[in-house]
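Engineer: After the structure tokens below, expect a handful of questions from me.
The values are calculated or read from the model by the stated rules, or taken from the named source; none is laboratory data. All values reported here derive from a predicted model rather than from experimental measurement. So basically every Cβ, Gly included, is an ideal-geometry build from the backbone, and we count neighbours across all protein chains shown.
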Amino acid sequence: MDITKDKRGDVTLLAIKGRLDASTANKLEEKLLTSIDGGERRLALDCSQLDYISSAGLRVLLLAVKRVTGVNGKIVLYALKDQIKEVFDIVGFSSLFPSFATQEEALRSCDQ
Amino acid sequence: MNEQMSILFKNTLSEIERLGQVVEEFAALHHLPPPLAFEINVALEEILTNVISYGYDDSNEHDIIVRLSCNEGEVTAEVEDDGRPFNPLGAAEPDTNKLLEERPVGGLGIHLVRKLMDRVEYRRPQGKNLLMMKKRIPTV
């Protein structure tokens, strides 16, 4: 699982590529929490190459959204594959994470 | 093809990557649709992770057996371990309508298992934990 970081204005873009499972979730946790603790408040996660997510990955996302919400920040997701969306719907994450089809829409929502 | 795949895993989280490969192999062998393979992978990963994380009172190496089979349009996935008596289904259902601040971090995985699989059953035959899951192969 690879994570690439970029910036668009004051929005941090993190692209999560590959599988987010119990053996890779720690890597994302470290990246997300370090970013948030480092002052980044607007995070947009590019999920276009996210192939798999299990509860380990969900747990990391939940931790991150709690952390960022605590400092009045925001995490949005975009370009989720259908399977990932299915998992999100089952655990009720769709209401916790604004999700968009494109990066453009995701960035626009971060401006609001 | 009715044969059963039986794979041994060690009780360490680094084995989760191999679980993904095994499920992919099984799915390819039986021409299972990718969404079904994904769901089986997620459910199995959850059970295996719970066994690895909470199933043992010692710090020894243990073998966990995962069995996969297809029979009459249904996939059966089993996880058998020799750890302490532990039923991962004992976890309470998370309230998926709760507000963010009230959501506990745990409990998501078993919820996923119950929702993704058609049938989930725990047994304790002869001192082993046996978690069995079944899912119908979609005909569309």
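Engineer: Across the range B:26-35, what is the total count of residues that are out of contact with any helix residue (DSSP H, G or I) (no Cβ under 7 Å at 6 or more places or on another chain) and part of a helix (DSSP H, G or I)?
Structural biologist: Narrowing the range B:26-35 to residues out of contact with any helix residue (DSSP H, G or I) (no Cβ under 7 Å at 6 or more places or on another chain): B:26, B:28-34.
Add one more test, that the residue is part of a helix (DSSP H, G or I), and what stays is B:26, B:28-29, B:34.
Count: 4.
Engineer: Picking from B:V42, B:V75, B:V23, which residue would you name as being outside any loop (DSSP other than H, G, I, E, B), in contact (Cβ under 8 Å) with a residue 12 or more places away in the chain, more than 14 Å from every other protein chain (Cβ to nearest Cβ) and surrounded by 16 or more Cβ atoms within 10 Å (Cβ to Cβ)?
Structural biologist: Unique residue meeting the criteria: B:V75.
Engineer: Out of all the residues in the range A:67-87, which are aliphatic (A, V, I, L, M) and assigned to a helix (DSSP H, G or I)?
Structural biologist: Matches in the range A:67-87: A:V68, A:I84, A:V87.
Engineer: Select from the range B:45-67 the residues that are touching a residue at least 60 places away in the same chain (Cβ under 8 Å), within 21 Å of A:L58 (Cβ to Cβ) and among the hydrophobic types (A, V, I, L, M, F, W, C) and write down the one among them that is surrounded by the fewest Cβ atoms within 10 Å (Cβ to Cβ).
Structural biologist: B:V51
Engineer: Could we say that A:D46 is farther than 22 Å from B:L44 by Cα, among the acidic types (D, E) and surrounded by fewer than 16 Cβ atoms within 10 Å (Cβ to Cβ) here?
Structural biologist: No; evaluated as a whole, the condition is false for this residue.
Engineer: Among the residues of the range A:62-73, are any over 19 Å from B:E39 (Cβ atoms), touching a Pro at 6+ places or on another chain (Cβ under 8 Å) and of a type in the set (A, V, I, L, M, F, W, C)? So that I can check it myself, show each step before the final result.
Structural biologist: Let us first name the residues in the range A:62-73 that are over 19 Å from B:E39 (Cβ atoms), namely A:62-73.
Okay, now just the ones that are also touching a Pro at 6+ places or on another chain (Cβ under 8 Å), so none.
There is no residue in the range A:62-73 that is over 19 Å from B:E39 (Cβ atoms), touching a Pro at 6+ places or on another chain (Cβ under 8 Å) and of a type in the set (A, V, I, L, M, F, W, C).
Engineer: Separate question: From the set of residues in the range B:2-26 that are within 19 Å of A:L20 (Cβ to Cβ) and small (G, A, S), which is modelled with the lowest pLDDT?
Structural biologist: So the residue we want is B:S14.
To keep it simple, each residue is scored yes or no on (1) at pLDDT 95 or above; (2) within 30 Å of B:T139 (Cβ to Cβ).
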site: B:E39; (1), (2): yes, yes
site: B:D57; (1), (2): no, no
site: B:T76; (1), (2): yes, yes
site: B:V79; (1), (2): yes, yes
site: B:G90; (1), (2): no, no
site: B:P94; (1), (2): no, no
site: B:E101; (1), (2): no, no
site: B:V105; (1), (2): no, no
site: B:G109; (1), (2): no, yes
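Engineer: If you don't mind, another one. Of all residues in the range A:41-55 being part of a strand (DSSP E or B) and in contact with an Asp or Glu (Cβ under 7 Å, 6 or more places away or on another chain), which is nearest to the other protein chains (Cβ to nearest Cβ)? Give the steps one after another, and end with the answer.
Structural biologist: Keep residues of the range A:41-55 that are part of a strand (DSSP E or B), which gives A:42-46, A:50-53.
Subsequent filtering for residues that are in contact with an Asp or Glu (Cβ under 7 Å, 6 or more places away or on another chain) retains A:42, A:52.
Working: A:R42: 17, A:Y52: 7 Å.
Filtering the range A:41-55 for residues that are part of a strand (DSSP E or B) and in contact with an Asp or Glu (Cβ under 7 Å, 6 or more places away or on another chain), the one nearest to the other protein chains (Cβ to nearest Cβ) comes out as A:Y52.
Listed here are the residues, each with its yes/no results for (1) in a strand (DSSP E or B); (2) modelled with pLDDT under 95; (3) away from chain B (no Cβ under 14 Å).
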residue: A:K27; (1), (2), (3): no, no, no
residue: A:S35; (1), (2), (3): no, no, yes
residue: A:G39; (1), (2), (3): no, no, yes
residue: A:G57; (1), (2), (3): no, no, no
residue: A:I90; (1), (2), (3): no, yes, no
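Engineer: Quick test for you: out of A:A22, A:A15, A:A64, pick the one residue that is buried (at least 22 other Cβ atoms within 10 Å of the Cβ) and not in a helix (DSSP H, G or I).
Structural biologist: Going through A:A22, A:A15, A:A64 in turn, just one is buried (at least 22 other Cβ atoms within 10 Å of the Cβ) and not in a helix (DSSP H, G or I): A:A22.
Results for (1) touching a strand residue (DSSP E or B) at 6+ places or on another chain (Cβ under 6 Å); (2) of a type in the set (G, A, S); (3) closer than 29 Å to B:E45 by Cα, shown as yes or no for each residue.
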site: A:R8; (1), (2), (3): no, no, no
site: A:E29; (1), (2), (3): no, no, yes
site: A:V68; (1), (2), (3): yes, no, yes
site: A:V76; (1), (2), (3): yes, no, yes
site: A:D111; (1), (2), (3): no, no, no
